[in-house]
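These notes concern the structure reproduced below.
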Amino acid sequence: MKRIVLDFDNTMGVPGCDVDDALALIYLLGNPQACTVEAVCTSYGNSDLATVDANTRRLFAEWGLDLPIHRGAEGPGQTESDAARFLAEACAAEPGCLSILVTGSTTNLLGAVAHDPRFFENVAEIVFMGGVTRSLVINGRIMNELNLSCDPAATLAVLASSAPKTIATSQNCLAAHVTREAFETAFTPDSWLARAIDYWFDDMGRRYAWDGFAVWDQVAAAALIKPDLFDPETYPVVLDERFLSVGLLERAWDGAPQANIQAPRIKDAAVYLQDALAGWKRGCERLGLA
């Protein structure tokens, strides 16, 4: 049973912003046999911190979800925040017990280290969504990386740390693709979740001529609680802030400063999608979202 703190830049419902952070949370809530979500921390990335934090509180109120929300850093280099203090103190209180799932910027983690230099030793593991292993091109259009690149200094510190690290890279998330047609095999068009994410299908169609979208952050959640859906891969990444400033996880060459991360790949896209849909269905039922 994983005990999870979700550090996310949730913007489900914010025009022009992604829905995947909330999809990750709903998926986790739909798998209570595998995990408990103990708290969330808000971060910037998909939007500014004020928007993310307010949107998260709005959604939780709508859902009737009683989870602690800890407001994170507003930008790179800010080490003082409620989220940073919480992460440091919670992991120090129970070393090796909490898994941190990071689906936004990494600044809150560096803040936790500022509060407790042993933070990386105290976490059970850190699982991220983010990073590219080469340019991410969707139908001829480049998609920028928006997580690890937000605070490259913080990302470098995390990658160089002793904490066990898993990253659902952007390229490895592409197999987790859902179309409106596939989504409607599990959800009616007038269901709460279908209405909540409908704008994002339209947005991805306009921006990238994409029929559907990748559910990015949900892949990191699945990698954390259902590793059997993935083939494992150890990936040696170069520890260089210049690469990380654009979210590039450059494969290390001999002699380069480097760290090993786990970069799991989805085994079977069809099986994966059915598991995701079922998890969202159970999560919505748990929240009473018809």
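Laboratory data are not the source of any read-out in this text; all were calculated from the coordinates shown. A quick note: this is a predicted structure, and the numbers were derived from the prediction, not measured. Glycine also receives a Cβ, built like all others from the backbone with ideal geometry; neighbour counts cover every protein chain displayed.
Considering only alpha-carbon pairs that sit under 8 angstrom and 6 or more positions apart, the relative contact order computed for the chain is 22 percent. The string of couplings for the range 182-196 from the Karplus curve (6.51, -1.76, 1.60, θ = phi - 60°) is 5, 4, 7, 6, 10, 10, 6, x, 9, 6, 4, 5, 4, 5, 5 Hz, one whole number per residue in order, with x for Gly and Pro.
For GLU250, the residues whose modelled amide H falls within less than 5 Å of its own, excluding neighbours fewer than 5 places apart on the same chain, are VAL238.
What translational diffusion coefficient, to the nearest whole µm²/s, does the range 1-158 have by Stokes-Einstein, given a Kirkwood radius computed over alpha-carbon pairs, a temperature of 4 °C and 1.567 mPa s viscosity?
It comes out at roughly 82 µm²/s.
State the percent of C-alpha pairs, over all pairs in the range 204-290, separated by a distance greater than 22 angstrom. Looking at the range 204-290, the distances longer than 22 Å represent 49 percent of pairs.
Can you work out the FRET efficiency for the pair SER135 and ASP254, with r the C-beta to C-beta distance and R0 = 25 Å, to the nearest 0.05? With R0 = 25 Å, the Cβ-Cβ based efficiency is 0.55.
The magnitude of the dipole of the range 2-287, with charges of +1 and -1 set on the Cβ of Lys/Arg and Asp/Glu and taken from the Cα centre, is near 300 debye. Listed by chain and number, the lysines whose alpha-carbon sits under 22 Å from that of LYS165, ignoring those within fewer than 8 places in the same chain, are LYS2, LYS226, LYS267. The range 233-281 has equivalent-ellipsoid semi-axes of 32, 13, 7 Å, by the square roots of 5 times the alpha carbon gyration tensor eigenvalues, sorted largest first.
Both the radius of gyration and Dmax for the range 147-251 are 16.6, 47 Å, in that order, over alpha-carbon atoms. Shape analysis of the chain based on the Cα gyration tensor places the equivalent ellipsoid semi-axes at 27, 22, 18 Å, largest first. Amide H to amide H distances under 5 Å link PHE128 with VAL102, THR166, ILE167, ALA168, where only residues 5 or more positions off or on other chains count and H is placed in the peptide plane.
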